[in-house]
Amino acid sequence: MKFGILIQDGPYNHEAGDSAYNFVVAALAKGHEITGIFFYNDGVLNATRFMDPPTDDRNIVKRWSELGAKGIDIIVCIAAAKRRGIIDANLAPNIRISGLGQLVDLTLNADRMITFGG
Amino acid sequence: MNSMRFSRFKEYKLLHTVNKSPLVNSSLEQCIEFLAKDEPILLYEDAVYAAQAGTRFEIKIQALLKTNPVYALQADLKARAVNNIINGVKIVDYNGFVDLVAEHKVQNWL
Amino acid sequence: MAEDAKKIMFVMQKPPHGSIYPYEGLEFILISGAYEQDISLVFLGDGVYNLKKDQDTSELGIKGFVKTYRTLEGYDIENIYVDQNSLKDRGLTQEDLIVDVKVKTAPEINSLMNEQHAIFPF
């Protein structure tokens, strides 16, 4: 089955990004497809390459980048990103910036949309 | 066309997910108001506190269990030391979470 | 609407101004409106405050977005529903709202939710 993921909240501040990541990992392990992961609202802050948490904690952006390297489409909303200072220059690898139309496409291509947020 | 839509309706009972503690936020109560009978509810993140026996919300979960299946996410329960689970609440891991989403359309109460 | 249009519902649950969710939600709704899908909006809980008349954010220095709800018709988004009890609980009636809405009960809204391809909370 094809799942689309929407993330509405920022990293560390809220569990949303962790729940979404754990869900995606479990879904992939079960053989499901992820049509895309879309960051919106403060969720766009998940995409900054400059995250540098203490070494004994998870690196949230690194996890997203690794999923992106596996071919999962990870998209940051351009309008929400511009508001919050996320631009190509601070975007982590394997994540792209695009418009809200991509979230519509992702929704239409997915069997299920699930939203994680605050 | 109408009969097709009806069969889809029967097939895709909604899954309701709730992620906030019912002791400080009304999203679980709101979810309960908009539920249909037999539709499953998944408690995760701070909503797993609703699964704990002995809270002032327990009576509402007890009533809910008479009409709807209630699930709570194991990783969030464990993280919060919610050990004394209300009888009838089913514990699922992330695989179970994925299965619930695969089997239902989803309404996320955030 | 496209022939293979899918049903997409936006559930507005959060009040305006205190957080950006409804504002950015509305931006997504307007984009979705260009895709010729079968779109509906449901306002429930504090989400109904989005539609209250006479909101003025000028003293806050926040851009007001509530008037944008009036443009939905221009995007062929005409299915705007409000939960009956949510209005009543807040001492509001349809007369207090800036757009024409259809008032529905919770079971009616549940039925609408069950018809959707996808539901987005904002």
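The values are calculated or read from the model by the stated rules, or taken from the named source; none is laboratory data. The structure presented is a predicted model; accordingly, all values stated were derived computationally and were not measured. All Cβ positions, glycine included, derive from the backbone under ideal geometry; neighbour counts span all protein chains shown. All accessible areas refer to the heavy atoms of the entire protein, side chains included, with ligands and DNA or RNA removed. Shrake-Rupley method; radii C 1.70, N 1.55, O 1.52, S 1.80 Å.
For residue A:43, the criteria (1) free of Cβ contacts under 8 Å to residues at least 60 places away in the same chain; (2) within 14 Å of chain B (Cβ to nearest Cβ); (3) under 12 Å from the mean Cα position of the chain (by Cα) hold in every case but one, which is (1).
What residue, among those in the range B:81-110 that are part of a loop (DSSP other than H, G, I, E, B) and within 11 Å of chain A (Cβ to nearest Cβ), is nearest to residue B:61 (Cα to Cα)? Ranking the qualifying residues of the range B:81-110, first place goes to B:110.
When C:30, C:87, C:41 are checked against the criterion of being in contact with a Phe, Trp or Tyr (Cβ under 9 Å, 6 or more places away or on another chain), open to solvent by less than 50 Å² (accessible area, probe 1.4 Å) and farther than 22 Å from residue A:80 by Cβ, C:87 stands alone in meeting it.
Restricted to strands (runs of 3 or more DSSP E) entirely inside the range C:1-102, those with at least 3 residues that are within 24 Å of residue B:31 (Cα to Cα) and within 11 Å of chain A (Cβ to nearest Cβ) are C:7-12.
Residue count for the range A:86-96 under the criterion of being open to solvent by 40 Å² or more (accessible area, probe 1.4 Å) and either farther than 16 Å from residue A:21 by Cα or without any contact (Cβ under 8 Å) to a residue 24 or more places away in the chain (or both): the result is 5. In the range A:29-40, the residues that are within 8 Å of another protein chain (Cβ to nearest Cβ) and over 14 Å from residue A:102 (Cα atoms) form Cβ pairs under 9 Å with partners that are assigned to a strand (DSSP E or B) and not polar (S, T, N, Q), at six or more places apart or across chains, as follows: A:32/A:2; A:32/A:3.
Taking residues in the range B:40-53 that are surrounded by fewer than 21 Cβ atoms within 10 Å (Cβ to Cβ) and modelled with pLDDT of 95 or more, and partners anywhere that are among the basic types (Lys, Arg) and not in a helix (DSSP H, G or I), the pairs with Cβ atoms closer than 6 Å and at least 6 places apart or on different chains are B:46/B:20.
The numbered conditions (1) outside any strand (DSSP E or B); (2) aliphatic (A, V, I, L, M); (3) closer than 20 Å to residue C:31 by Cβ; (4) away from chain C (no Cβ under 14 Å) are all true for residue A:80 except (4). Among the residues making up the range B:14-31, those that are in contact (Cβ under 8 Å) with a residue 40 or more places away in the chain and either more than 13 Å from residue A:118 (Cα to Cα) or within 11 Å of the chain's Cα centre (by Cα) (or both) are B:14, B:15, B:16, B:17, B:18, B:19, B:28, B:30, B:31.
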